[in-house]
1. So, counting K/R as plus one and D/E as minus one, what does the shell of residues with Cβ under 11 Å around B:Asn150 add up to?
2. Ballpark to the nearest 100 Å², how much total accessible area do A and B bury together, probe 1.4 Å?
3. Given a 1.4 Å probe, how much area per residue of the protein assembly as shown is accessible, in Å²?
4. Projected onto the charge dipole of chain B (+1 at Lys/Arg Cβ, -1 at Asp/Glu Cβ, origin at the Cα centre), which of B:Ile84, B:Ile97, B:Phe41 gives the Cα projection farthest towards the positive end?
5. I need the fraction of alpha carbon pairs in the stretch B:4-173 separated by more than 30 Å, rounded to a whole percent.
6. What's the local net charge at A:Thr137, with K and R +1, D and E -1, over the other residues with C-beta under 12 Å away?
7. Over all distinct alpha-carbon pairs, what is the Kirkwood Rh of the protein assembly as shown in angstrom?
8. Mind jotting down the distance between the C-alpha centroids of the stretch A:99-170 and the stretch B:8-63, whole Å?
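The values are calculated or read from the model by the stated rules, or taken from the named source; none is laboratory data. As the structure is a computational prediction, the values presented were derived from the model and not from experiment. Neighbour counts are summed over all protein chains in view; Cβ atoms, including those assigned to glycine, are modelled from backbone coordinates with ideal geometry. Each accessible area value is taken on the protein alone, full model and side chains, heavy atoms only, with ligands, DNA and RNA left out. Shrake-Rupley method; radii C 1.70, N 1.55, O 1.52, S 1.80 Å.
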Number of protein chains: 2
Amino acid sequence: MRKIKLYIAMTIDGYIASLDGHIDFLNDYGKDGLDYGYAKFLETIGTVILGRKTYDQVIGFSSNYPYEKQTSYVLTTSKNNPKINHIIFKNNIDDIISDIKDKQGKDIFLVGGAKTIKIMMDKNLIDEIHLSIIPKTLGEGIPCFLKHQNLSTYQVLDTNTYKDGIVQIIYRKI
Amino acid sequence: MRKIKLYIAMTIDGYIASLDGHIDFLNDYGKDGLDYGYAKFLETIGTVILGRKTYDQVIGFSSNYPYEKQTSYVLTTSKNNPKINHIIFKNNIDDIISDIKDKQGKDIFLVGGAKTIKIMMDKNLIDEIHLSIIPKTLGEGIPCFLKHQNLSTYQVLDTNTYKDGIVQIIYRKI
């Protein structure tokens, strides 16, 4: 079965963005060719899931949508959504999952953000967490893990300590 | 100068205890002689700092107070405190710090809990974070890092992945 993988960066104190949604604290990273295994990870991915706010941020960052090679599902409360090739807007996570989970294909990349992670944690849908811990504290911000309903135990598949201080831990749910 | 070191275990989603203060999720760990470098760490310590609730928990766990070899400072709002050898009750973190920081001696171990960590993060007093990440999600609980005022960057001194899935990262504030 296709795995759902959260691949995300958070600070030591657990934030994925500042309160206003900025991720300026990431600017110090990804230099000297460091990609934290991202290109290799993306090769395993056939489908991405994004919350609407995250989708809007992603298309705001760049003129080229970064998931052109994958099918994207955007979780949104809006009923009026654009028609875009390979980008499917849905109002309900169950509709997304029933669309993709049992189909053959590569794995599924949960991009974020916090609300979508919470919804998927609540439903125990996340198989792997690829967690890059940014060696900073922010003090406040948008948490990676909002209060959710998921008491799970994980095994560590891999750990990497990068020279810029990012520690990446790859967890698989047991 | 003596360093102040937070040595603590938190879940992947950042909790140090359940909402009611229990740490049952730690019961699966510390087996087969694994001590996560704790004995070696404690050798570097001359003084411990605990919040009052954490102190009450610690003395409740065991008949032998585990920090007999160190001087303990307990941060409390109470004005009526017991007189115990080597255990000093204070109402203000600044009084504790002025007591110990410039004295010669071994390093200082911040045991917790969340409120005391927050107070010390706010004042930028923590030099090292020895963070053991428990490979579990709790969904809710007492966060390791309450909202605080500390934008800091850290370097990674060491990383250890233990066979039971605990990943320990030792950070030093830059």
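1. Working: positive: A:Lys136, B:Lys118, B:Lys123, B:Lys147, B:Lys173; negative: A:Asp13, A:Glu140, B:Asp122.
Net of charged neighbours comes to +2.
2. Numbers: alone 9790 and 9800 Å², together 17160 Å².
Counting both chains, the buried surface is close to 2400 Å².
3. 49 Å²
4. Of the candidates, B:Ile97 comes out farthest on the positive side.
5. Of the Cα pairs, 13 percent sit more than 30 Å apart.
6. Spelling it out: positives minus negatives among the neighbours equals +1.
7. Answer for the protein assembly as shown: a Kirkwood hydrodynamic radius of 21.7 Å.
8. 25 Å
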